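S.K.: Okay, here's the structure, questions in a sec.
The values are calculated or read from the model by the stated rules, or taken from the named source; none is laboratory data. Source: prediction; values computed, not measured. In this analysis, Cβ positions are derived from the backbone assuming ideal geometry, glycine residues included, and neighbour counts consider all displayed protein chains. Accessible surface areas use protein heavy atoms only, side chains included; no ligands, DNA or RNA. Shrake-Rupley method; radii C 1.70, N 1.55, O 1.52, S 1.80 Å.
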Amino acid sequence: MVSCSFVITGASTSGDVILEVSDLHARLVTEQGNGREILKGVNLTVKRGEVHAIMGKNGCGKSTLSKVLVGHPDYEVTSGSVTFKGEPLLDLEPEERSHAGLFLSFQSPVEVPGVSNTDFLRMAYNAKLQASGGEELDPLEFYGFLMPKLEQLKMDPSFLQRNVNEGFSGGEKKRNEILQLAVLSPDLGILDEIDSGLDVDALRDVAAAINGYIAAAEKDESTNTPAMLMITHYRRLLEYIQPSVVHIMLDGKIVDSGSSDMAQILEEKGYDNWM
Amino acid sequence: MAHTTHATSMAMATHKPRNAQCTRQPRSAIKHAATAMPQSMPKSTATSEWLTSALGSAPPPTSDAQTAARAALASLAFPTSRDEEWRFTDVSQLEDAPLTVPLTPSTTSTDDVLASATFEGAHRVVLVDGRFDANLSTPLDEMMSSLPSGSYVGTLASAPESLADLRDAYDSLASAPPVTEPLTRGVPEPGAVQPPPPKPTDVFRLLNTAFATPEDTFCVYLPAGTKSEATIHIVHVSTAFAGASAVSASFARVLLVLGEGAKLDVAEELVCCDENADAAVLAVPVLEAALAPRAKLHHAVYQRFGRTSSSGGGYESSGGNTYCLKSTIVSQAEESVYDETDVSTGAHVGRNTVTVSQRGPRTATGLRSFTLASAPSQTLDVHTSAILSYPEGTTSQLHKCIVGNASAKGVFDGNVQVLREAQRTDAQQLTRTLLLEPRATIHAKPNLQIVADDVSCTHGCTISDLDDTSMFYLQSRGISREAAREQLVLSFGLEVVEKMRPSDQSDGDAWKDLVSRVTADVRTAVS
């Protein structure tokens, strides 16, 4: 069962390659991190229209991978390469990666007191428009753009007047991340433990929002078909969102990849199966 | 952090956990040095020539309080850094020129500064150099007719004799010893509550008492069970009427008396013309409020001396040689609610001293401040004192400060006293400071004195640059580093600014003028 080569066995492999990670090594550069190497040669290929899931134990590097991809300053890439939509990714600033179409849903979304959700979303959306040479939207135009997104995610408009994540419950914070995802409509959305800290009902709501987003994005001919990369500990999330590919990550590497059946094997035999 | 101090044989357990004196280091991590604070500083007993000569121009005393204030001042020294209360706030330059009070109305045009002080739908009360100006204010009869029957607005001198509550409030204040609490309404039953220790004498408040006559005291009185629909917007305008030769001093005094269950929203705005005058402009406004049981007072303060509001362009001004040393003294009877939000951006030296005394059970006090010291050598100081004497009182405090200039500093001193009878009280205090420039300085001294044993008291004090995680969060959403930084600094202050608006007015437009002006000013200052 142990396989170090990377083979996609999922069903929907027909799209273009959107993300190509080759032999990626990265270390933590914070004082506490002590320069410890966390990613030890990650290989990963994601194509348009695919939903990937990376599963692994605490500390295996799966959250680090998501942070490195979006340019978190706590990590330094020591070797390897990443191309996103055919272009080198690693030299870009975090905001440039966002403009290029990469999005990370944070495990612990940050509270921004004093700034309303609607202003924050508009600022982010306008930054994206500006980067692509488009005209910025004024508050009224943005409202017209935003309302269908809210309806699509079945979110209460009162969400918009509240300050970004301030006083939000765990479930509300995660749904707010999905709202940002829907507004920025990235080519690749990375969901870092979107299921953590959620009870069953909240998880169902969040998963429904994600599925709603994917379905709407696929229908929308004006945007490219997105891909998703989900980082999770638990199979439970995958019951709500069907992945096309499941990866097992151990000690800084992806050690196996396969269809969603892999999650079932993991459930039965545990990570020992790959150790 | 929850601290519960059990009553012991000691008269009072003092908890001074963080006496933080912090200067942002140019490169390395911020040092959070806790230095021991001497319990009592040597106090100079020398009298001050400046004070004695200032008193020479005070009006003849018309009340016991004025007599007492004059007597106290005659024996006091001018505050220096050797006084604990003035350790970090330097007012010594005031002594360079003699103090002068306006004998005739100022000739300076107040048009521009008043045009920028908009507040749609509010009753405007303008005090120029401490004097009520009827021509610049909403006509008094118009205010009176919109207020509930039995209310009063106007000077204390013109108040009808029948308003016993108003007179009582003034008299009890007037007869109170100047060194302790100002309002002695609802005196605790004998033996029930240990009286608070006397506080050091505040020279500037005493000066206000000595100078502010009943003609200078502006009052708002609401009888029991009534409520003012309109906000009272009090604009204090200071001018450099004395020119270059003397300190232009003004002593505005406002008295708010709310009957049982009465409800009032008040916004004070403090502005200054002629901020570039050679001699100092000194404003010493005092606001006193007496809240009867279940009364509710919402109080917002915006001090922007030497700053141009919203019209733009005024923010590089240093605030000139201006001093705004404000005191707010509140006495709360049982189940009353006092809610104060103070935003200060202007003046060379700005200080707001807020003293709240809870005089009955289940009393609620909310105190917030946001100070933004961004001009060279600017000092902005917040002193708060909350005295909880009865059971089940609450105080909730949030004090934020941004120091955005290498030579500017912030000062915070937050004292909470929970006396023996004040069981089951809940006192929360949080202080947060952003130091944005190398060598920018904050002196923060939260201090809790707790005698009761069944209480929940917390305090927290953080001093930092912007949080990296927040920066990254915004950047990851496509917002540039510069824009993210500006947004986060603004958001830091807006958390307090938006509380200037009463919570029951969150949907209305009534406070939009003020809150959006303050927001725009803060945005200009931090960008």
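S.K.: Take region B:331-347 and flag every residue that is over 23 Å from residue B:293 (Cβ atoms) and modelled with pLDDT under 95.
M.R.: If the condition is that a residue be over 23 Å from residue B:293 (Cβ atoms) and modelled with pLDDT under 95, then B:345, B:346, B:347 are the ones that fit.
S.K.: Restricting the search to region A:13-47, which residues are within 19 Å of residue A:214 (Cα to Cα) and either assigned to a loop (DSSP other than H, G, I, E, B) or of a type in the set (D, E, K, R) (or both)?
M.R.: If the condition is that a residue be within 19 Å of residue A:214 (Cα to Cα) and either assigned to a loop (DSSP other than H, G, I, E, B) or of a type in the set (D, E, K, R) (or both), then A:13, A:14, A:15, A:16, A:47 are the ones that fit.
S.K.: Among the residues of region B:387-396, write down those that are open to solvent by less than 10 Å² (accessible area, probe 1.4 Å) and either without any contact (Cβ under 8 Å) to a residue 12 or more places away in the chain or closer than 15 Å to residue B:431 by Cα (or both).
M.R.: Selection gives B:395 alone.
S.K.: Further question: Residue by residue through region B:83-116, note down the ones that are in a loop (DSSP other than H, G, I, E, B) and at pLDDT 90 or above.
M.R.: Selection gives B:87, B:88, B:89, B:90, B:91.
S.K.: Look through B:496, B:515 and report the one residue that is within 14 Å of chain A (Cβ to nearest Cβ) and touching a helix residue (DSSP H, G or I) at 6+ places or on another chain (Cβ under 6 Å).
M.R.: None of the other options fit; the residue is B:515.
S.K.: Here's another thing I want to ask about it. Among the residues of region A:183-199, are any at pLDDT 90 or above, in a helix (DSSP H, G or I), β-branched (Val, Ile, Thr) and surrounded by fewer than 23 Cβ atoms within 10 Å (Cβ to Cβ)?
M.R.: So far as region A:183-199 goes, yes, one or more of its residues are at pLDDT 90 or above, in a helix (DSSP H, G or I), β-branched (Val, Ile, Thr) and surrounded by fewer than 23 Cβ atoms within 10 Å (Cβ to Cβ).
S.K.: Additional query: Given the criterion within 17 Å of residue B:250 (Cβ to Cβ), open to solvent by 20 Å² or more (accessible area, probe 1.4 Å) and touching a Leu at 6+ places or on another chain (Cβ under 8 Å), identify the matching residue among B:53, B:57.
M.R.: B:57 is the lone residue from the list that is within 17 Å of residue B:250 (Cβ to Cβ), open to solvent by 20 Å² or more (accessible area, probe 1.4 Å) and touching a Leu at 6+ places or on another chain (Cβ under 8 Å).
S.K.: OK, next. Specify which of the listed residues (B:448, B:419, B:436) is in the same structural domain as residue B:377 (by TED's automatic domain parsing) and open to solvent by 20 Å² or more (accessible area, probe 1.4 Å).
M.R.: B:436
S.K.: Right, here's the next one. Please go through (1) free of Cβ contacts under 8 Å to residues at least 60 places away in the same chain; (2) among the hydrophobic types (A, V, I, L, M, F, W, C); (3) not in a strand (DSSP E or B) for residue B:242 and return the number of the only condition it doesn't satisfy.
M.R.: Evaluating residue B:242 over (1) free of Cβ contacts under 8 Å to residues at least 60 places away in the same chain; (2) among the hydrophobic types (A, V, I, L, M, F, W, C); (3) not in a strand (DSSP E or B) leaves (1) as the failure.
S.K.: Further question: Within region B:256-269, identify whether any single residue is within 17 Å of residue B:129 (Cβ to Cβ) and either buried (at least 21 other Cβ atoms within 10 Å of the Cβ) or at pLDDT 90 or above (or both), and answer yes or no.
M.R.: Yes, region B:256-269 contains a residue that is within 17 Å of residue B:129 (Cβ to Cβ) and either buried (at least 21 other Cβ atoms within 10 Å of the Cβ) or at pLDDT 90 or above (or both).
S.K.: Next question, about the same structure. Residue check, residue B:509 against (1) open to solvent by 50 Å² or more (accessible area, probe 1.4 Å); (2) more than 7 Å from every other protein chain (Cβ to nearest Cβ); (3) assigned to a helix (DSSP H, G or I), all met but one. Which one?
M.R.: (3)
S.K.: Still on this structure, I have one more. In region B:145-171, what residues are open to solvent by 70 Å² or more (accessible area, probe 1.4 Å) and within 28 Å of the chain's Cα centre (by Cα)?
M.R.: Within region B:145-171, B:158, B:168, B:171 qualify.
S.K.: Same structure, new question: In region B:303-314, is there at least one residue being modelled with pLDDT of 95 or more and under 15 Å from the mean Cα position of the chain (by Cα)?
M.R.: yes
S.K.: Between B:504, B:467, which is of a type in the set (D, E, K, R) and at the interface with chain A (Cβ under 10 Å from one of its Cβ atoms)?
M.R.: Just one listed residue meets the conditions, B:467.
S.K.: Go through A:210, A:231 for me and flag whichever is buried (at least 16 other Cβ atoms within 10 Å of the Cβ), at pLDDT 85 or above and either in a strand (DSSP E or B) or in contact with a Cys (Cβ under 9 Å, 6 or more places away or on another chain) (or both).
M.R.: Selected residue: A:231, the only one of A:210, A:231 that is buried (at least 16 other Cβ atoms within 10 Å of the Cβ), at pLDDT 85 or above and either in a strand (DSSP E or B) or in contact with a Cys (Cβ under 9 Å, 6 or more places away or on another chain) (or both).
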